[in-house]
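Inspection log for the structure reproduced underneath, given as structure tokens.
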Amino acid sequence: MKLHFTKMNGLGNDFIIFDGRDHSLPEDLGALAKKVCDRHFGIGADGILVVLPSDINDIRMLIINSDGSEAQMCGNGIRCFAAYVYDKGIISTKEMTVETAAGTIRPVLMDSVDGSPMVKVNMGTPRIKPWEIPVEVEGDKVIGMPMEIDGYHFDLNCVSMGNPHAVTFWRNLDEAPITSLGPILERHPLFPEKTNVEFVEIMDVDEIRMRVYERGCGETLACGTGASASVVASILNGYTDRKVKVHLLGGVLECEWCDDGSLMMSGPAAYVAEGEYIY
């Protein structure tokens, strides 16, 4: 079986995109994702994005992580997805509604920068109630909750951007225990659906640095929902203003928590390759 694919990335967070509207894809998309995303025996990516028809929005995006699990939402992925469906003529307008497992997402294509599409996305309203994230903690929010795990002392901040995030703050991001604490928090009993883990350093009231250990992927170069959640946690702790530049390993995203409660995120999407994958 030959499957046409397009590879794209958002700040180095890379995806293989398949058009699944004609039902040509194999039934087990989790198995497909594991093979395609393998960086030695496959194409290599953090996950796959599948284009599907929608009964409620302009188009539907299905996200499968590299470990075969389904993700509710992906900030870098939605930018790549929006550029793809517009450039391929699947959607004819630069403003669109996309059905995701996290609800309706509204990306808008902007002017390209250095040949790469720029996309602004209304990420929706952040959720901080524990049962919405979900996180097994009593109370109405988890902001600045002291934690100690394996000798690491930090404050836990939990936010959902349609998917769960555990945001932690560190004085020096270069010394943060991403690869040791990240997988522990990802699978911690507090999080019944596991969680993405963000490590954040405050640079100024309008600027932060962030690294991420993604649920189902491990550390990646960027995470749009993670950047959004980190900005929300920074604001709720009083560390930053409401408009923040987020520096990730793969580049910079701009996030703003607007007065109407919505979180706006802007950043690039870039094409890498197209071809046929033999499955």
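The values are calculated or read from the model by the stated rules, or taken from the named source; none is laboratory data. Here the structure is a predicted model, which is why all the values come from computation and not from measurement. Every residue, glycine as well, gets a Cβ built from its backbone with ideal geometry; the counts of neighbours run over all protein chains shown. For the accessible areas, the whole protein counts, side chains as well, though only heavy atoms, and no ligand, DNA or RNA atoms are used. Shrake-Rupley method; radii C 1.70, N 1.55, O 1.52, S 1.80 Å.
Tabulated results
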item	result
Quarter of the Cα convex hull surface for the chain, i.e. its orientation-mean projected area (nm²)	14.4 nm²
Nearest-20 debye value, the chain charge dipole, Cβ charges on Lys, Arg, Asp, Glu	360 debye
Cα-based shape type of the range 139-279, given that a ≥ b ≥ c are square roots of the gyration tensor eigenvalues and the cut on a/c is 1.5	oblate
Dipole of the range 75-156, positive direction: furthest Cα of THR125, THR104, VAL142, with charges on the beta-carbon	THR104
Fraction of antiparallel bridges per DSSP, the chain only, in percent to nearest 5	80 percent
Among HIS4, SER266, LEU185 the positive-end extreme of the charge dipole of the chain (Cβ point charges)	HIS4
The range 16-22 - phi-based ³J(HN,Hα) in whole Hz, Karplus 6.51/-1.76/1.60, Gly and Pro as x	9, 9, 10, 8, x, 5, 9
Accessible area of TYR239 in the full protein assembly, 1.4 Å probe (Å², nearest 10)	90 Å²
Dipole moment magnitude, nearest 20 debye, the range 40-182 about Cα centre, only Lys, Arg, Asp, Glu C-beta charged	500 debye
Share, in percent, of DSSP beta bridges within the range 1-139 that are antiparallel, nearest 5	75 percent
Residues whose placed amide H lies under 5 Å from that of TYR277, excluding near-sequence neighbours	LEU3, HIS4, PHE5
Whether the range 45-87 is rounded, prolate or oblate, judged on the alpha carbon gyration tensor where a/c under 1.5 counts as rounded	oblate
Cross-link pairs beyond the 30 Å C-alpha cut-off, checked among LYS7/LYS129; LYS35/LYS94; LYS35/LYS141; LYS88/LYS243; LYS35/LYS129; LYS194/LYS243	LYS7/LYS129; LYS35/LYS94; LYS35/LYS141; LYS88/LYS243; LYS35/LYS129
Shape call, the range 101-178: gyration tensor on alpha carbons, a/c limit 1.5	oblate
Other-chain or far-sequence residues with amide H under 5 Å of ASP19's (modelled H)	VAL51
Under Karplus coefficients 6.51, -1.76 and 1.60, residue-wise ³J(HN,Hα) of the range 114-131 in Hz, glycine/proline x	6, x, 9, x, 10, 10, 9, 10, 7, 7, x, 8, x, 10, 10, 6, x, 6
Most mobile of VAL159, VAL232, VAL252 in a GNM of the chain (Cα contacts under 10 Å)	VAL252
Highest-MSF residue in the chain out of VAL113, VAL121, VAL85 [GNM, Cα springs under 10 Å]	VAL113
Translational diffusion coefficient (Stokes-Einstein; Kirkwood radius from C-alpha pairs) of the range 84-135 at 25 °C, 0.890 mPa s, in µm²/s	190 µm²/s
GNM flexibility winner over the chain from THR240, THR104, THR93 (Cα, springs under 10 Å)	THR93
Distant-in-sequence amide H partners of PHE169 (H built 1.01 Å from N, under 5 Å)	ASP155, VAL200
Helix-only CD estimate at 222 nm, as mean residue ellipticity for the chain, using -39500 (n - 2.57) per DSSP H run (n ≥ 4)	-5000 deg cm²/dmol
Computed over the range 168-235, Cα set: Rg, Dmax in Å	11.5, 34
The range 14-69 - Kirkwood radius from inverse mean 1/r over Cα pairs (Å)	11.4 Å
Volume in Å³ per residue [convex hull over Cα atoms, computed for the range 203-279]	125 Å³
Residue-by-residue Karplus 3J(HN,Hα) for the range 239-250, coefficients 6.51, -1.76, 1.60, Hz, glycine and proline x	7, 9, 7, 8, 10, 9, 8, 10, 8, 10, 4, x
Size of electric dipole in the range 198-265: Cβ of Lys, Arg +1 and of Asp, Glu -1, about Cα centre, debye, nearest 20	200 debye
Label-to-label distance, nm, for residues given as ASP67 and ASP111 (7 Å Cα→Cβ offset)	4.3 nm
